[in-house]
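Only one structure is covered here, and it is reproduced in the block below.
Please treat every number below as a calculation from the coordinates, not as lab data. Predicted model, so just to flag it, every value in this text is computed and none were measured. Note that we place each Cβ from the backbone using ideal geometry, even for glycine, and neighbour counts take in every protein chain shown.
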Amino acid sequence: MSADPQVPLRADARRNRDQIIAAARTIFAEFGPEVPMEEIARAAGVGVGTLYRRFPDREALIRAVAVDNFSRVLEDAREAAEQEPTAWCALVRLLHQSVELHLSVQLAMLSKKAHEILKEDPVIARLREELLVELEAMVQGAQDEGTLRPDVAEGDVAMLFALLLRQLESRSPEIARMSTERSIAIMIDGLQARPGTPLPGRPLGRRDIN
């Protein structure tokens, strides 16, 4: 088991933990969650022993990175809702900012082991539910404003975003970033309220994607 995240850490221990999580986030996003722990320690600028004191196994590190990512996106969602003048603006801002969610989506999609870790963790489940509640409020608010098409729900937006963030083969990181940005722009354009192609079925809520 990893150290209890509720127990306060000394400044140097906290710094080491943050460095490890930041390095793992970057490496997992590029190479997947099966990268040797030694490489993560090297990228974080800490010794392997330090890494294993904070995260005794890969499962603990994957869980910590995912919790960190979902926490960041949840904070972004709440800030967007508070700071933006409309629910539509908040939704657009969240979709553009949510690069952090990219890694959590990738972890679940690219590794069966990581998927099981994320699926069963109660902290991640709570954060995911809180994020979907924030997204639901944005979607309903934007529909009340008349800016978001009325035949979608928060589950549709979440599923679209997850599909969009599937890692595709690309010639370069620049092309990958550009394709993601273009895809987000196309998705946002398709979510706007205006005459368009009728959608089959019914709007998907957050309970439909659990």
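Some points to look at:
- Folded to 0 to 90 degrees: helix 99-110 orientation relative to the chain principal axis, Cα: 80
- Listed residue (Ser111, Ala81, Phe70) projecting farthest to the positive dipole end of the chain, Cβ model: Ser111
- The helix-based estimate of mean residue ellipticity at 222 nm for the chain, built from -39,500 (n - 2.57) per DSSP H run of four or more residues and divided by its residue count, is -23000 deg cm²/dmol to the nearest 500.
- Dipole axis of the chain (+1 Lys, Arg; -1 Asp, Glu on Cβ), positive-most option in Ile184, Leu51, Gly32: Leu51
- Along the chain, longest interval not containing exposed trypsin sites (Lys or Arg not before Pro), exposed being DSSP loop plus at most 10 other Cβ atoms within 10 Å: 11-170
- The angle between the Cα long axis of helix 87-97 and the longest principal axis of the Cα atoms of the chain comes to about 40 degrees, rounded to the nearest 10.
- Relative contact order of the chain, pairs being alpha-carbon contacts under 8 Å that are 6 or more residues apart, as %: 19
- Between the amide H of Leu148 and those of Gln143, Ala193, distances stay under 5 Å, these residues lying 5 or more places away or on another chain, with hydrogens modeled in the peptide plane.
- The value for the chain of Rg(Cα) / (2.2 N^0.38 Å) is 1.10.
- Relative to the longest principal axis of the Cα atoms of the chain, helix 173-191 runs at roughly 30 degrees.
- Three-way shape label, segment 10-56, alpha-carbon gyration tensor, a/c 1.5: prolate
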